[in-house]
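Structure, as structure tokens:
Only the coordinates and a few stated rules stand behind these numbers; no lab work does. This structure is a prediction, so every number in the text was calculated from the model and none was measured. Glycine also receives a Cβ, built like all others from the backbone with ideal geometry; neighbour counts cover every protein chain displayed.
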Amino acid sequence: MPETTENGTGRRKAAVARVYLSSGKGKIKINGRDFREYLCRGSLANVVLEPLDAIDKVDAYDFNINVKGGGLTGQAGAIRLGIARALLQDNADYRPVLKAAGYLKRDARRVERKKYGQPGARKRFQFSKR
């Protein structure tokens, strides 16, 4: 196993991703599996690759990622933030490009809680005059 050089943590919704970056040939492992196999959908795989596409270094780094919590969409967003933060630790020159693309910003949106007297967060029970 190559020596790990940098790491980054990403969070989105209930998902937390720990990203370990090392120089390599572009291999990305999520929880011990290939990232395309783990994420199932091509659109989610593209979300993970966005920070690497922004700096044109798709084949320059290997990533070993541990992710838990949430669903696949939240995990993909957490991994994207973790990769961007790990790249920033490796080379500070990437900051303007990653920041302009919005990859260094944590997405704080969460599921709104259900309120009492209602069937959901915003939905109301059907009103009847009689």
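So if I take the alpha carbon set of the chain, get Rg, then get Rh from the Kirkwood formula, what is the Rg over Rh ratio? Intermediate results must be reported in sequence, preceding the final value.
On the way: Rg = 18.3 Å, Rh = 15.9 Å.
Using Cα coordinates only, the ratio equals 1.15.
Which loop-located GluC sites (Glu not before Pro) does the stretch 1-107 contain, where loop means any DSSP state but H, G, I, E or B and the Cβ has at most 14 other Cβ atoms within 10 Å? Let's see the in-between values first.
On the way: sites: E3, E6, E37; in loops: E3.
Counting only loop positions with at most 14 other Cβ atoms within 10 Å, the GluC sites (Glu not before Pro) in the stretch 1-107 are E3.
The stretch 81-125: which chymotrypsin sites (Phe, Trp or Tyr not before Pro) are DSSP loop and have at most 10 other beta-carbon atoms within 10 angstrom?
Working: sites: Y94, Y103, Y116, F125; in loops: Y103, Y116, F125.
Those that pass, being in a loop and sparsely packed, are Y116, F125.
For helix 42-55, what angle does its Cα long axis make with the longest principal axis of the chain, in degrees from 0 to 90 and rounded to 10?
50
For the pair R41 and A100, what calculated FRET efficiency results from E = 1/(1 + (r/R0)^6), where r is the Cβ-Cβ distance and R0 = 35 Å, to the nearest 0.05?
Working: r = 26 Å, r/R0 = 0.76.
Calculated value: 0.85.
Taking the Cα atoms of the stretch 1-67 alone, what are Rg (to one decimal) and Dmax (as a whole number) in Å?
For the stretch 1-67, the Cα radius of gyration and maximum Cα-Cα distance read 11.5, 31 Å.
Given H placed 1.01 Å from N in the peptide plane, which residues other than close sequence neighbours of I28 have an amide H under 5 Å from its amide H?
Close amide H contacts, sequence-distant or interchain: F35, F63.
At 222 nm, what helix-only mean residue ellipticity would the chain give, in deg cm²/dmol to the nearest 500, using -39500 (n - 2.57) for each DSSP H run of four or more? Numbers along the way, then the final one.
Numbers: 4 runs with 45 residues, N = 130.
Calculated mean residue ellipticity at 222 nm is -10500 deg cm²/dmol.
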